[in-house]
Amino acid sequence: MSVARRGLQYRPEIDGLRALAIIPVMLFHAGLPGFAGGFVGVDVFFVISGYLISSLLMAEHDVGVFSLATFYERRARRILPALFFMVICLLPFAWLWMVPSELKEFGDNLMALPLFVSNFLLSGQAGYFATEAEVKPLLHIWSLAVEEQFYIIYPLMLMLLWRSGRRAIITGCMVLAVLSFVAAERGVWSSYLLPAGRIWELLAGVFCALWLRGRADKTDPGVHWPGLVGIAMIAASIAFYGKSTPFPSYYTLLPVLGTALVIVNAGAGNAVGRLLAHPILVGVGLISYSAYLWHQPLFAFARIRLIDAPSNILLVALVGISLGLGWLSWRFIERPFRGRARFTQQQIFVMAAVAGLAIAAVGLTVHLADGFPARVKPGYEAATQPTRSDPQSCAWISPLAGAALIQLCPMGASGGSPLLLFGDSHADALYAGFDQRLKERNRSGYLVKNPYCPPVKGLYDWANMSSAFVQGCEDTNRELFAYLAGLKPSTIVLADRWTYRAFPIAGLIDRQTYDNGEGGVEPEYYTESFAVTPSGVRSQAVGDKAAALTAGIEQYFAFGVPVVLVYPVPETGWNIPKRNAKKLLFSGSVETLISTSQARFKLRNRFIDDTLDAIQSPQLLRVKPEQLLCGSFIPGRCAAQLDGIPLYYDDDHLSLDGAALVVDEIFRVLAAKQ
């Protein structure tokens with residue numbers, strides 16, 4: 001180790017660069033405005049890690065002292081003590097504040113953590129930008145898992161290629177980097193959290209180490225503009241990227257190449273190096289690992305413990321607390337364990353194994369106990385697990401050869417002209433109600449699903465969809481409609497989260513998901529929608545969205561039967577069952593009544609209501625859930641829970657009790673038409 005260390009020169013500007021990475025990550029996870037692209041700080045860390053570890057490994061190979069055991073000992077000293085200490089500190093808060101479902105999931109993460117497979121587990125659960133990600137205390141461990149997975153492969157590859165020389169190393173790394181970048185760009189075996197699309201970022205740091213290897217002067221003292229360009233590239237990605245930016249992909253090149261430019265060009269002899277070597281930045285960089293460990297748990301547990309969304313003031317305070325805990329962890333955990341004078345290699349490995357097994361055992365116990373529901377007061381299941389009305393156990397039918405994704409879910413009795421229910425998950429929420437009412441009337445029906453394609457032609461989610469994907473939706477929908485026309489349907493019902501599809505519309509909808517203005521803030525889903533004009537050009541214009549939505553609904557008139565248009569279901573902002581669970585856990589009772597502002601709901605849906613109201617046809621019938629849930633029970637308020645019974649199974653999907661109100665109204669409107 002000492003020989004290798006003598007082969008490396010400490011670069012304070014690298015610690016300064018760490019500071020520029022950790023602060024945006026923390027502010028991003030805090031959800032503070034202006035840092036929508038702060039997640040790229042993790043990409044900066046990847047490049048730095050690849051550079052530093054490669055530089056050290058190459059220095060050890062140069063003097064013939066490289067050892068795999070020593071390498072993994074260093075990784076264990078660097079990563080595990082602070083990580084395990086942080087996890088142990090979280091356990092009492094998880095027990096006291098997490099509802100059973102959250103605690104069980106936390107237990108799953110505890111099992112994955114010592115094996116460094118958290119990224120695979122999280123990817124299977126939801127993903128980095130999913131709705132519930134911000135209340136996962138161990139979400140951020142995915143990046144450590146990716147690094148450790150890389151460091152299983154890379155040292156071995158370097159050992160095999162070292163004797164073949166520099167060219168072989170560069171060629172091997174380049175092949176691996178290209179394959180990884182292709183996987184990132186094409187989404188092959190990769191997602192945001194998985195290593196296949198991330199290895200190239202760490203290899204970018206390896207290439208920096210190869211470029212600088214053997215150079216006495218790491219940078220040209222007289223040239224500072226490349227480093228400035230690198231900082232500008234990182235800053236631009238933080239400022240202009242967002243959660244809907246495809247990642248990892250070619251967009252990731254901006255922060256990765258920017259980081260590489262800084263590493264290769266910043267030094268003591270130029271302005272960029274001196275800027276990054278400022279004592280404040282260096283100090284933050286030194287504690288960046290421990291601060292990274294602490295920030296996400298603090299944010300997550302604040303959101304878990306509070307009934308309403310935490311204020312920006314609190315979140316800023318938690319950023320400061322993260323830095324403070326980071327310093328304490330660095331001073332009293334990281335530094336002591338790095339020194340060989342206190343702990344031998346054998347002791348480090350034994351302590352790591354014992355602590356890892358203990359944490360995994362705790363996780364397994366929590367998982368097997370289903371999160372210990374006995375901790376919560378009686379009445380937990382009724383208030384927190386409302387009956388879902390969606391077709392979770394439906395016997396799906398795939399009616400079209402070559403289009404397996406298109407499926408029909410039978411409803412009601414068999415035979416006769418079916419009622420067809422089209423839409424997204426808001427249509428799914430009506431399924432059980434329709435199934436029951438159709439059986440009572442001895443009528444048949446189908447819930448129609450074409451996953452990933454919208455129920456309205458011309459209006460799509462995810463603005464990065466390819467033209468081929470859009471065309472595929474158009475083609476399969478055309479084939480589907482031809483098949484359904486042959487069934488001679490009796491009625492068409494359209495139910496969708498129309499407001500969500502219309503996002504973004506400047507001045508009318510400020511965010512895709514709902515903020516009720518009373519502390520209920522639905523987490524972002526991080527997709528976009530776009531309208532396809534007749535010329536095929538994607539557009540965000542209000543007029544194009546209205547035209548696309550109108551044309552998409554009017555296509556159903558071709559069936560020649562009544563078309564029931566279900567207007568937006570009032571959103572709540574709160575996940576009602578989870579709100580109940582928190583109330584039970586913290587106070588022992590739930591609220592008899594939960595409601596939100598009708599005026600705020602109407603303001604948010606003004607564009608959609610105006611657009612849908614403008615569609616005219618003698619076939620068209622309208623059902624407005626707002627008229628059922630808002631003002632009927634409390635003037636000016638939209639009911640989300642009545643007599644302690646949730647009308648929603650999350651924040652915007654109706655439970656079976658809520659869906660029954662809408663389904664009964666649909667049949668009442670149909671009966672009046674006849």
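The values are calculated or read from the model by the stated rules, or taken from the named source; none is laboratory data. Note that the structure is a prediction, hence the values are computed from the model and not measured. Methodologically, a virtual Cβ is constructed for each residue, glycine included, from the backbone with ideal geometry; neighbour enumeration extends over all protein chains shown.
Of these, VAL669, VAL662, which one is out of contact with any Cys (no Cβ under 9 Å at 6 or more places or on another chain), assigned by TED's automatic domain parsing to the domain that holds GLY543, in contact (Cβ under 8 Å) with a residue 24 or more places away in the chain and under 19 Å from ASP390 (Cβ atoms)?
VAL662
Being at pLDDT below 95 and of a type outside the set (A, V, I, L, M) is the filter here; which residues of region 296-333 pass it?
ARG303, ARG305, ASP308, PRO310, SER311, ASN312
Return the total of residues in region 619-632 being part of a loop (DSSP other than H, G, I, E, B) and surrounded by 14 or more Cβ atoms within 10 Å (Cβ to Cβ).
3
For region 565-590, which positions are assigned to a loop (DSSP other than H, G, I, E, B) and of a type in the set (A, V, I, L, M)?
Matches in region 565-590: VAL569, VAL590.
Looking only at residues that are touching a strand residue (DSSP E or B) at 6+ places or on another chain (Cβ under 7 Å) and assigned to a loop (DSSP other than H, G, I, E, B) in region 546-564, which one is surrounded by the fewest Cβ atoms within 10 Å (Cβ to Cβ)?
Checked region 546-564; the qualifying residue surrounded by the fewest Cβ atoms within 10 Å (Cβ to Cβ) is VAL561.
Mind checking whether some residue in region 75-95 is hydrophobic (A, V, I, L, M, F, W, C), farther than 23 Å from PRO336 by Cα and either touching a His at 6+ places or on another chain (Cβ under 6 Å) or crowded, with 19+ Cβ neighbours inside 10 Å (or both)?
Within region 75-95, one or more residues are hydrophobic (A, V, I, L, M, F, W, C), farther than 23 Å from PRO336 by Cα and either touching a His at 6+ places or on another chain (Cβ under 6 Å) or crowded, with 19+ Cβ neighbours inside 10 Å (or both).
Please specify each residue of region 491-522 satisfying the condition of being in contact with a Lys or Arg (Cβ under 9 Å, 6 or more places away or on another chain), modelled with pLDDT under 85 and not β-branched (Val, Ile, Thr).
ARG501, ALA502, PHE503, PRO504, LEU508, ASP510
If you go through region 293-343 one residue at a time, how many are hydroxyl-bearing (Ser, Thr, Tyr) and farther than 30 Å from ASN516 by Cα?
1
Name the pairs: first residue in region 35-54 and surrounded by fewer than 24 Cβ atoms within 10 Å (Cβ to Cβ), second residue in a loop (DSSP other than H, G, I, E, B), Cβ to Cβ under 6 Å, at least 6 apart or on different chains?
Sorted first by the residue in region 35-54, then by its partner, the pairs are ALA36/GLY242.
Let me confirm something: among LYS488, LYS457, which residue is within 21 Å of ALA546 (Cα to Cα) and either in a loop (DSSP other than H, G, I, E, B) or at pLDDT 95 or above (or both)?
The match here is LYS457.
Per-residue answers, yes or no, for (1) in the same structural domain as THR611 (by TED's automatic domain parsing); (2) crowded, with 18+ Cβ neighbours inside 10 Å:
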residue: SER398; (1), (2): no, no
residue: TYR431; (1), (2): yes, yes
residue: LYS439; (1), (2): yes, no
residue: ASN442; (1), (2): yes, no
residue: LEU447; (1), (2): yes, yes
residue: GLY458; (1), (2): yes, yes
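Determine the pairs where a residue that is on the phi < 0 side of the Ramachandran plot, located within region 308-335, has a partner that is of a type in the set (D, E, K, R) with Cβ atoms under 8 Å apart, the partner being 6 or more residues away or on another chain.
ASP308/GLU518; ALA309/ARG303; PRO310/ARG303; GLU334/ARG78
Considering only region 309-340, how many residues are more than 32 Å from the chain's Cα centre (by Cα) and farther than 30 Å from TYR72 by Cα?
0
List, please: which pairs have Cβ atoms under 6 Å, are six or more places apart or on different chains, and start with a residue in region 169-191 that is in the same structural domain as LEU158 (by TED's automatic domain parsing) and under 21 Å from TYR251 (Cβ atoms) and end with one that is loosely packed, with under 15 Cβ neighbours inside 10 Å and at pLDDT below 95?
ALA183/TRP189; GLU185/TYR250
Could you list, in sequence order, all residues of region 563-610 that are without any contact (Cβ under 8 Å) to a residue 40 or more places away in the chain and aliphatic (A, V, I, L, M)?
ALA599, LEU603
Within the set of pairs 6 or more residues apart or between chains, which connect a residue that is closer than 20 Å to GLN512 by Cα inside region 237-257 to a residue that is surrounded by fewer than 20 Cβ atoms within 10 Å (Cβ to Cβ) and among the charged types (D, E, K, R) with Cβ atoms less than 6 Å apart?
Hits for this filter: SER244/GLU528.
Just checking, which of SER290, SER329 is within 30 Å of LYS582 (Cα to Cα), assigned by TED's automatic domain parsing to the domain that holds ILE48 and part of a helix (DSSP H, G or I)?
SER290
Need the failing condition index for LYS104 against (1) surrounded by 14 or more Cβ atoms within 10 Å (Cβ to Cβ); (2) over 26 Å from ASN580 (Cβ atoms); (3) basic (Lys, Arg), just the number.
Result: LYS104 passes all but (2).
Hey, does region 301-315 have a residue that's among the aromatic types (Phe, Trp, Tyr) and either touching a Lys or Arg at 6+ places or on another chain (Cβ under 8 Å) or within 25 Å of SER143 (Cβ to Cβ) (or both)?
Yes, region 301-315 contains a residue that is among the aromatic types (Phe, Trp, Tyr) and either touching a Lys or Arg at 6+ places or on another chain (Cβ under 8 Å) or within 25 Å of SER143 (Cβ to Cβ) (or both).
Of all residues in region 216-236, which are within 18 Å of ALA204 (Cα to Cα) and either at pLDDT below 55 or not in a helix (DSSP H, G or I) (or both)?
Result: LYS218, THR219.
Taking region 226-266 as the search range and keeping residues that are of a type in the set (Phe, Trp, Tyr) and over 20 Å from MET26 (Cβ atoms), which one is surrounded by the most Cβ atoms within 10 Å (Cβ to Cβ)?
Ranking the qualifying residues of region 226-266, first place goes to TYR251.
Do any residues in region 489-503 that are more than 18 Å from PHE601 (Cα to Cα) have Cβ atoms under 7 Å from those of residues that are assigned to a helix (DSSP H, G or I), where the two are at least six apart or on different chains, and which pairs are they?
Qualifying pairs under 7 Å: PRO489/PHE559; THR491/LEU670; ILE492/TYR556; ILE492/PHE559; VAL493/ILE666; LEU494/ILE553; LEU494/TYR556.
For region 341-348, check the following and say yes or no: at least one residue is part of a helix (DSSP H, G or I) and under 21 Å from the mean Cα position of the chain (by Cα).
No.
Can you tell me which residue is nearest to the chain's Cα centre (by Cα) among those in region 615-630 that are without any contact (Cβ under 8 Å) to a residue 60 or more places away in the chain and farther than 22 Å from LEU430 by Cα?
In this case the residue turns out to be GLN616.
Any residue at all in region 292-308 that's surrounded by fewer than 19 Cβ atoms within 10 Å (Cβ to Cβ), more than 24 Å from the chain's Cα centre (by Cα) and closer than 30 Å to LEU584 by Cβ?
no
With region 1-104 as the region, which helices (runs of 4 or more DSSP H) entirely inside it contain at least 2 residues that are over 30 Å from ASP370 (Cβ atoms), at pLDDT 90 or above and not β-branched (Val, Ile, Thr)?
Of the helices (runs of 4 or more DSSP H) lying wholly inside region 1-104, those with at least 2 residues that are over 30 Å from ASP370 (Cβ atoms), at pLDDT 90 or above and not β-branched (Val, Ile, Thr) span 12-30, 41-63, 68-97.
Considering only region 647-662, I want to know if a residue exists there that is hydroxyl-bearing (Ser, Thr, Tyr), closer than 20 Å to LEU419 by Cβ, part of a loop (DSSP other than H, G, I, E, B) and in contact with a helix residue (DSSP H, G or I) (Cβ under 8 Å, 6 or more places away or on another chain).
No, the conditions are met nowhere in region 647-662.
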